[in-house]
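*Asks:* Attaching a single structure in structure tokens format; questions to follow.
We did not get these values from a lab; they are worked out from the coordinates using the rules stated. Only a predicted model underlies this, so the values are computations on that prediction, with no experimental measurement involved. Positions of Cβ are backbone-derived with ideal geometry, glycine not excepted, and every protein chain shown enters the neighbour counts.
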Amino acid sequence: MAVTTTSQELKRGGAFLVAPTAPQDVFTPVDLTDDQRLIGQTTEEFVTKEVLLQIPDLEKHKQGVLPGLLKKAGEIGLLGGLVPESYGGAQLDKVATTVLAEKLAAYASMAVAHGGHAGIGTIPLVYFGTEDQKKKYLPKMATGEWLACYCLSEPQAGSDALASRTRAVLSPDGKSWILNGQKMWITNGGFADIFTIFAKVDGDKFSCFIIERGTPGFSIGAEENKMGIRGSSTVPLFFENAAIPKENLLHEVGRGHIVAFNTLNAGRFSLGAYCLGAAKKAIELSAKYAKERSAFGKPIADFGLIQAKLGEMAVRTYALESMIYRTAGTIEAAVAAGESGSDKTKAAMQTLEEYAIESSISKVAGSEILDYCADEGVQIFGGYGFHEDYPMARTYRDSRINRIFEGTNEINRMLIVQMLMKRATTGALPLIAAGKKLAEEILGGPSFEEPPTGDLAAEEQAVAQARKAFLLASGAAVQRFTDKLADHQEIVAALANIVIEIYAMESALLRAQKAAVAGANTAGEMANAARVYIYDAVDRIEKEARTALIATVEGDILATQLAVLRRFTKHAPLDAIGLRRKIAQSVLAQNRYPFEAH
Ligand SMILES: Cc1cc2nc3c(=O)[nH]c(=O)nc-3n(C[C@H](O)[C@H](O)[C@H](O)COP(=O)(O)OP(=O)(O)OC[C@H]3O[C@@H](n4cnc5c(N)ncnc54)[C@H](O)[C@@H]3O)c2cc1C
């Protein structure tokens with residue numbers, strides 16, 4: 001059913017929903033260059049030698065420890081990845097920043113602090129700063145001399161960020177902005193030097209400003225008492241007639257939302273990479289513990305139910321890793337293709353916008369797969385998983401925030417569908433043509449398309465059929481609810497879940513196919529991981545599509561649509577138990593996630 005797409009369309013954000021991608025066209029971890037691997041090694045060494053030993057002090061908020069570590073990270077070039085070389089940064093490519101984010105995640109609070117500074121704290125200046133602003137701030141931010149944070153949320157305005165009550169007015173002499181209001185939940189706020197603040201000019205024009213620590217009228221509240229990421233700094237900020245120079249406006253009055261949302265969009269992708277690193281760590285801890293802990297006269301690792309958990313943790317993490325590196329590679333290729341133009345930063349920002357759907361998918365899938373691994377990790381540790389002297393309790397607590405910040409997963413699910421619909425109606429993505437083609441196919445009876453061949457033919461077919469299931473359910477929903485679809489949030493979320501599954505399934509499949517073509521020694525195991533993921537994902541898709549259709553259409557139409565859906569989600573039996581056990585054996589043999597860098 002794949003619609004005919006031009007190579008240009010194939011590269012577009014969301015295109016995975018309308019046409020297949022060739023395995024050789026996806027970036028996978030095996031494609032990492034020596035330089036990218038070196039960034040990973042440097043980061044890993046930094047975390048092992050500098051960060052992990054200080055966890056007890058970090059968790060107690062011992063003064064100066066976290067900013068000290070960030071500054072050390074800056075000294076070895078781990079903070080300036082997004083900063084252009086002309087401003088003293090390392091200007092790393094997207095894949096390299098992804099590896100860096102992943103490796104930092106061995107201690108979640110460090111990863112969050114890094115993201116707060118080098119990600120969402122730095123991005124607004126890189127993409128929207130004037131030449132003077134960039135010259136003043138970026139070199140010191142790249143080295144960690146000045147630490148930064150991103151200040152959007154307020155006590156009454158979190159998801160609904162544009163409901164901000166913080167106000168900015170120009171002073172009577174026209175030389176300063178006067179800020180009044182409050183921010184809430186600001187990561188790194190306890191020690192940051194540079195604060196990117198969002199406030200409404202004259203009460204209605206949402207805008208962005210840079211404010212420096214020590215500004216009179218600007219004060220920083222006490223550290224919040226959090227459930228997790230306790231080593232990170234999270235504080236409220238207060239502005240009482242805080243006056244900042246007029247030139248500290250970032251971008252334009254009334255255009256703050258462009259800064260805010262594009263920054264979050266970039267941050268979301270990195271969040272998925274942090275989650276990937278943390279999920280791998282949870283697998284490693286769980287595998288080692290399962291081999292050490294005995295019950296009923298043997299290591300718990302010998303029990304089928306423990307192997308099922310380790311196997312499934314590895315399978316989901318494999319799917320996540322495949323998605324994350326595929327997306328990083330796609331973004332990097334698009335940035336590189338656009339670099340001949342004059343404004344590189346503008347082109348990079350446009351590219352991030354293009355792949356906003358994939359970024360939201362990374363955030364939602366990453367945070368939920370990590371939650372799954374952390375939860376099963378606690379279970380493998382048994383009572384010791386519930387004890388703070390063992391590492392899994394912290395992993396579990398630290399994991400939970402990822403579904404909440406950088407846009408809650410509810411908001412991101414809605415964004416995924418909203419962005420897709422916008423792309424469909426503007427013609428950026430040929431979804432409408434794909435829907436029409438599917439309708440013709442349904443009316444015309446069974447498809448006579450050539451079925452896929454090869455070792456993973458059934459899985460390839462399953463991905464193709466999953467696309468049809470999405471078109472079926474989304475087409476029915478759009479037809480019934482038209483521009484009011486957003487009001488039917490449960491249906492929107494079901495559609496978003498299908499989209500996420502399709503991206504995960506296809507990414508897992510393409511990586512295994514690419515490995516097979518290359519003759520990689522892990523190709524067979526990756527194929528097994530892809531098989532298990534896809535087998536279960538088809539059932540999840542069937543349920544989501546069925547639920548959405550039942551809430552959308554009725555009577556004979558519903559009966560017909562459900563029959564068509566059954567056809568699209570039919571699959572041959574797979575011994576998922578046996579395959580999960582095999583994958584668990586690899587996890588146990590290596591004491592870790594088994595597909596690292598393959
Ligand atoms: C540890 C931590 C660090 C943070 N760091 C930062 C930071 O550095 N900078 C920053 O600006 N912010 C930061 N935040 C704030 C974070 O981004 C917000 O908490 C988040 O956006 C959610 O906002 P809220 O807490 O007001 O929840 P709400 O917006 O009140 O949401 C509550 C619930 O309602 C749901 N909901 C809201 N709107 C809708 C809707 N339209 N449809 C369906 N469901 C909806 C949400 O999904 C959620 O489940 C941080 C938060 C924490 C806890």
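*Asks:* Please compute the contact order of segment 231-367 in relative form: average sequence separation of alpha-carbon pairs under 8 Å and at least six residues apart, divided by the residue count, as a percent.
*Replies:* On the way: 84 pairs, mean separation 52.0, N = 137.
Relative contact order of segment 231-367: 38 percent.
*Asks:* Return the FRET efficiency for the residue pair residue 582, residue 305: r is the Cβ-Cβ distance, R0 is 22 Å, and the value is rounded to the nearest 0.05. Before the final figure, lay out the partial values.
*Replies:* Values: r = 16 Å, r/R0 = 0.72.
For R0 = 22 Å, the calculated efficiency reads 0.90.
*Asks:* List the GluC sites (Glu not before Pro) in segment 406-469 that DSSP assigns to loop (not H, G, I, E or B) and whose Cβ has at most 13 other Cβ atoms within 10 Å. Which are they?
*Replies:* Working: sites: 406, 410, 440, 441, 449, 459, 460; in loops: 406, 449.
Filter output for segment 406-469: 449.
*Asks:* Would you work out which of 381, 393, 418 lies farthest towards the positive end of the dipole of segment 375-515? Charges go on Cβ: Lys and Arg +1, Asp and Glu -1.
*Replies:* Final value for the positive-end residue is 418.
*Asks:* About its Cα centre, how strong a charge dipole does the chain have in debye, to the nearest 20, once Lys and Arg get +1 and Asp and Glu get -1 at the Cβ? Spell out each step's value before the answer.
*Replies:* Numbers: 64 positive and 70 negative charges, 105 e Å.
My answer is approximately 500 debye.
*Asks:* Here is a follow-up. Run the dipole for segment 249-350 about the Cα centre, Lys and Arg Cβ at +1, Asp and Glu Cβ at -1, nothing else charged, and hand back the magnitude in debye, nearest 20.
*Replies:* Working: 13 positive and 9 negative charges, 73 e Å.
Here the size comes out at about 360 debye.
*Asks:* Using only the alpha-carbon atoms, how far is helix 356-381 inclined from the longest principal axis of the chain? Give it as 0 to 90 degrees, nearest 10.
*Replies:* 80
*Asks:* Hey, another quick one. For the chain, what relative contact order do you get, as a whole percent, if you take Cα pairs closer than 8 Å and at least 6 residues apart?
*Replies:* On the way: 1067 pairs, mean separation 97.8, N = 598.
Rounded, it is 16 percent for the chain.
*Asks:* Could you give the length gained on full extension between residue 453 and residue 408, defined as 0.36 nm per residue of separation minus the Cα-Cα distance, in nm? Don't skip to the answer; put the middle values down first.
*Replies:* Numbers: separation 45, 0.36 × 45 = 16.20 nm, distance 4.03 nm.
Here the segment from residue 453 to residue 408 would lengthen by 12.2 nm.
*Asks:* Would you mind checking which residues have amide H under 5 Å from residue 200's amide H? H placed 1.01 Å from N; only 5 or more apart, or other chain.
*Replies:* For residue 200, the qualifying residues are 166, 167, 168, 207.
*Asks:* If you count, for each residue, the other Cβ atoms within 10 Å and average over each peptide, how do 27-34, 288-295 line up from highest to lowest? All intermediate terms of the calculation are to be shown ahead of the outcome.
*Replies:* On the way: 27-34: 17.2, 288-295: 15.2.
The peptides rank, most packed first, as 27-34, 288-295.
*Asks:* Taking every DSSP beta bridge that has both residues in the chain, what percent is antiparallel when rounded to the nearest 5? It would help to have the intermediate numbers written out before the result.
*Replies:* Details: 29 of 35 bridges.
The antiparallel fraction comes to roughly 85 percent.
*Asks:* Would you calculate the separation in nanometres between label points at residue 517 and residue 484, each defined as 7 Å from the Cα along the Cα-to-beta-carbon direction?
*Replies:* According to this spin-label approximation, the distance is 4.8 nm.
*Asks:* Considering the alpha-carbon set of segment 132-175 alone, what are its Rg and its Dmax in angstrom?
*Replies:* So, for segment 132-175, Rg and Dmax equal 15.2, 37 Å respectively.
*Asks:* Note the angle between two axes, namely the Cα long axis of helix 489-518 and the longest principal axis of the Cα atoms of the chain, as a number of degrees from 0 to 90, rounded to the nearest 10.
*Replies:* 70
*Asks:* Still on this structure: Within 10 Å of each residue's Cβ, count the other Cβ atoms and sort 325, 150, 384 from fewest upward. Provide the component values of the computation, followed by the final result.
*Replies:* Values: 325 25, 150 31, 384 15.
Ranking 325, 150, 384 by Cβ neighbours within 10 Å, fewest first, gives 384, 325, 150.
*Asks:* What does the charge count around residue 576 come to, taking other residues whose C-beta lies under 11 Å from its C-beta (Lys +1, Arg +1, Asp -1, Glu -1)? Spell out each step's value before the answer.
*Replies:* Working: positive: 531, 580, 581, 582; negative: 312, 536, 539, 575.
With Lys, Arg at +1 and Asp, Glu at -1, the neighbours total 0.
*Asks:* Round to a whole angstrom and tell me the spacing of the C-alpha centers of segment 229-284 and segment 485-536.
*Replies:* Centre-to-centre distance over Cα atoms comes out at 29 Å.
*Asks:* Suppose the Debye formula is applied to equal point scatterers at every Cα of the chain; what is log10 I(q)/I(0) at q = 0.06 Å⁻¹?
*Replies:* -0.31
*Asks:* So what's the back-of-envelope 222 nm ellipticity for the chain, counting only DSSP H runs of four-plus at -39500 (n - 2.57) apiece and dividing by all residues, rounded to 500? Each step should come with its number before you reach the end.
*Replies:* Numbers: 20 runs with 332 residues, N = 598.
Rounded to the nearest 500, it is -18500 deg cm²/dmol.
*Asks:* Right, next: Counting pairs on different chains as well as pairs 8 or more places apart, how many Lys pairs in segment 474-590 have Cα atoms under 28 Å apart?
*Replies:* Going through segment 474-590 pair by pair, I get 6.
*Asks:* Along segment 544-559, what does the Karplus equation 6.51 cos²θ - 1.76 cosθ + 1.60 (θ = phi - 60°) give for ³J(HN,Hα), rounded to whole Hz, x for Gly and Pro?
*Replies:* 5, 5, 4, 4, 5, 5, 4, 7, 10, 10, 9, x, 5, 5, 4, 4
*Asks:* From the square roots a ≥ b ≥ c of the eigenvalues of the alpha-carbon gyration tensor of segment 245-348, which class results: rounded (a/c under 1.5), prolate (a/b over b/c), or oblate?
*Replies:* prolate
*Asks:* Now, a different point. Let me know the whole percent of all Cα-Cα pairs from segment 106-214 that are separated by more than 20 Å. Intermediate values should be presented prior to the final figure.
*Replies:* On the way: 2489 of 5886 pairs.
Tail of the P(r) past 20 Å holds 42 percent of the pairs.
*Asks:* Using Cβ counts within 10 Å as a stand-in for footprinting exposure, how do 109, 153 rank, fewest first? It would help to have the intermediate numbers written out before the result.
*Replies:* On the way: 109 24, 153 19.
The most exposed by this proxy come first: 153, 109.
*Asks:* Give, as ranges by residue number, the residues of segment 451-466 whose backbone N falls under 19 Å from the point 7 Å along Cα→Cβ of residue 440.
*Replies:* Only 451, 465 pass the distance filter.
*Asks:* Sort 261, 568 so the one with the fewest other Cβ atoms within 10 Å of its own Cβ comes first.
*Replies:* On the way: 261 16, 568 25.
In order of increasing Cβ crowding within 10 Å: 261, 568.
*Asks:* For residue 184, enumerate residues with amide H under 5 Å from its amide H, sequence gap 5+ or separate chain, H modeled in the peptide plane.
*Replies:* 153, 154, 237
*Asks:* Please name which of 571, 427, 198 has its Cα lying farthest along the dipole of the chain towards the positive end, using unit charges on Cβ (Lys, Arg +1; Asp, Glu -1) and the Cα centre as origin.
*Replies:* Checked the options; the winner is 198.
*Asks:* Now for a separate question. Convex hull over the alpha-carbon atoms of segment 486-598: what's its volume per residue in Å³?
*Replies:* Details: hull volume 14.3 nm³, N = 113.
Looking at segment 486-598, the number lands at 126 Å³ per residue.
*Asks:* Compute the signed sum of charges (Lys and Arg +1, Asp and Glu -1) over the other residues within less than 13 Å, Cβ to Cβ, of residue 563.
*Replies:* Details: positive: 546, 566, 567, 570; negative: 542, 556.
Overall, the nearby charge balance is +2.
*Asks:* Apply the a/c threshold of 1.5 to the C-alpha gyration tensor of segment 377-496 and tell me whether it is rounded, prolate or oblate. Please report the intermediate quantities before stating the final value.
*Replies:* Details: a/c = 3.42, a/b = 1.67, b/c = 2.05.
Oblate shape, in that a/c is at least 1.5 and b/c is the bigger or equal ratio.
*Asks:* Name all residues of segment 395-419 having a backbone nitrogen under 19 Å from the label point set 7 Å from the Cα of residue 426 along its Cα→Cβ direction, giving them as ranges.
*Replies:* 412-419
*Asks:* Just want the answer: with Cβ charges of +1 for Lys and Arg and -1 for Asp and Glu, which residue in 443, 319, 30 is farthest toward the dipole's positive end in the chain?
*Replies:* 319
*Asks:* Distances over 16 Å make up what percent of all Cα-Cα pairs in segment 442-500?
*Replies:* Values: 942 of 1711 pairs.
Every Cα pair in segment 442-500 considered, those over 16 Å come to 55 percent.
*Asks:* What is the distance, in nm, between label points placed 7 Å from the Cα along the Cα-to-Cβ direction at residue 225 and at residue 240?
*Replies:* 2.5
*Asks:* Compare the peptides 113-120, 36-43, 493-500, 422-429 by average per-residue count of other Cβ atoms within 10 angstrom and give them in order, highest first. Don't skip to the end; give the middle numbers.
*Replies:* Values: 113-120: 27.5, 36-43: 17.9, 493-500: 24.5, 422-429: 15.9.
Listed from highest to lowest mean packing, they are 113-120, 493-500, 36-43, 422-429.
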